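Have a look at the structure below, then the notes.
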Amino acid sequence: MKRTTFKGVEVTDEDIVHQMERFDAEFREGFSKWGAFAVKHDEKLYPPKQILSMATGVNVDEFSGGDYSNKRFFDLGFEVISAVPVTESVKEVEEAVETSLSLERDLENFLVTNLSQLEPGLSLFQEQEKLGKQFDAGPAGRIDILCVDQGNNLVVLELKAGEADDKVCTQVLRYMGWVQENIAKGRQVRGIIVANEFNEKLKYAVKPVPIIALKKYDVSFKFANIS
């Protein structure tokens, strides 16, 4: 496994491949070719900044593209190529990716400090210097939030902006399996998928898996006087 560090976050080649799979599942539709640069993997092209942002949680507005971000892909053994000029459809996908990632970051930041609103007694996992936010689960990927419930059992939270599909079930089970093997020490492990909507395939997928719950979030607005 190859590793590199970006903005203080360690990233592996497996993290990148996982986010590419997520990109294919959630953002690929309508996408053809990127402009400027693209990461090539399994004969598909991926937008470097967005994939790096998805893998690290760092907002794309906080770093530049080109050599600065491409170097991390070179470090991890990926091929970065020059791509054709950006098309309107690509711009739309790029904007959709960033909007979704921004919503997920906002949801994550809110939940980390308000876990009891999701479930009474839920708290952020902490062990020595490791915290449960964007928890590194090695080859399994990066867990959005790892929690401990009031019974001292472990809870894996996976957050999705908008609608979640059945692929999320496999993702959460993978995280839960890693936690069971590496952290649980006899404690129970369960999962919660948080999203705005859930498609029918996901609802059927979790029916025989009672240790995975679906929780729907709603967006509300608050207003404050500025002048």
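Model label sites at Gln150 and Ile183, defined 7 Å from Cα along the beta-carbon direction, differ in position by 2.1 nm. Annotation note: trypsin sites (Lys or Arg not before Pro) in the stretch 145-226 located in DSSP loop regions with a Cβ neighbour count of at most 11 within 10 Å are Lys185, Lys222. Scalar couplings 3J(HN,Hα) for the stretch 147-159, obtained by applying the Karplus form with A = 6.51, B = -1.76, C = 1.60 to θ = phi - 60°, are 10, 10, 8, 5, x, 6, 8, 9, 10, 8, 9, 10, 9 Hz; x denotes Gly and Pro. Subtracting the Cα-Cα distance of Asn199 and Asp75 from their residue separation scaled by 0.36 nm leaves 40.9 nm. For the chain, the longest principal axis of the Cα atoms and the long axis of helix 88-113 meet at an angle of about 30 degrees. Mind checking which lysines have their C-alpha under 16 Å from Lys203, skipping anything on the same chain fewer than 8 residues away? Those lysines meeting the cut-off are Lys160, Lys167, Lys215, Lys216.
Once the Kirkwood radius over Cα pairs is known for the chain, the Stokes-Einstein relation at 25 °C and 0.890 mPa s delivers a diffusion coefficient of 132 µm²/s. Around the amide H of Gln134, modelled in the peptide plane, lie the amide H atoms of Ile145, Leu146, all under 5 Å away and 5 or more residues distant in sequence or on another chain.
Between Ser123 and Asp218, the simple label model (points 7 Å from Cα in the Cβ direction) yields a spacing of 3.0 nm.
Relative to the dominant Cα principal axis of the chain, helix 13-26 is inclined by about 90°.
We did not get these values from a lab; they are worked out from the coordinates using the rules stated. None of these values were measured; they are calculated from a predicted model. Positions of Cβ are backbone-derived with ideal geometry, glycine not excepted, and every protein chain shown enters the neighbour counts.
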